[in-house]
Amino acid sequence: MTASTPPTDPILPVCDEDARPFYEATRTGVLKIQRCVDTRRWIFPPRPVSPWGAHRAPEWAEIEGKGTLWSFVVPHPPLLPYFAERAPYNVILVALDADPTIRLTGNLLREEGGSIGAFDAAQIEIGARVRVVFDRLDDEWTLPRWVLA
């Protein structure tokens, strides 16, 4: 790809060594995040050591994919070409039930496998109950998305 060629694929998250287990789990339809070995507190985004306890490497644990829609935005063009074709669409921030200080981003869908642009901004409500679903983009990438619970 040259500098003047627009991207045709979505901008994918950074998948470094710290985040790799998160995306490996999403590929299998499971939501996992880090947990402090000493304090049992949830940790997100992923990091090499726990910010609490004895500062050891955190463990990866399955977490229930239910929460509350905490915030959202609806981007409008001009955007990168891949996203401009899908706009307007929503990007939401979900506070997980297991620990509301842990917030994950994604898109609100009407149903699993649905479009990220299916909701009009007026239909999205802060405080709505949501649950995770998984959107398989290809063999490598499966992203968490959200539907109303």
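General remarks:
- ALA54 being out of contact with any Pro (no Cβ under 6 Å at 6 or more places or on another chain), without any contact (Cβ under 8 Å) to a residue 24 or more places away in the chain, farther than 15 Å from LEU31 by Cβ and in a loop (DSSP other than H, G, I, E, B): yes
- Selected residue [assigned to a strand (DSSP E or B) and either among the aliphatic types (A, V, I, L, M) or more than 24 Å from VAL37 (Cα to Cα) (or both)] from ARG145, ARG86: ARG145
- Considered as a group, the residues in segment 61-117 that are among the charged types (D, E, K, R) and surrounded by 14 or more Cβ atoms within 10 Å (Cβ to Cβ) include one that is farthest from the chain's Cα centre (by Cα), and that residue is ARG86.
- Taking segment 41-54 as the range and being over 21 Å from ASP16 (Cα atoms) and at pLDDT below 95 as the test, the residues that pass are TRP52, GLY53, ALA54.
- Pairs are defined by a Cβ separation below 8 Å, a sequence spacing of at least 6 or placement on different chains, a first member in segment 137-149 that is without any contact (Cβ under 8 Å) to a residue 40 or more places away in the chain, and a second member that is small (Gly, Ala, Ser) and assigned to a strand (DSSP E or B); the pairs so defined are ARG145/GLY106.
The values are calculated or read from the model by the stated rules, or taken from the named source; none is laboratory data. It should be emphasised that the depicted structure is a prediction, and the values quoted were computed from it without experimental measurement. When we count neighbours, we look across all protein chains shown, and the Cβ atoms used for this are built from the backbone with ideal geometry, even at glycine.
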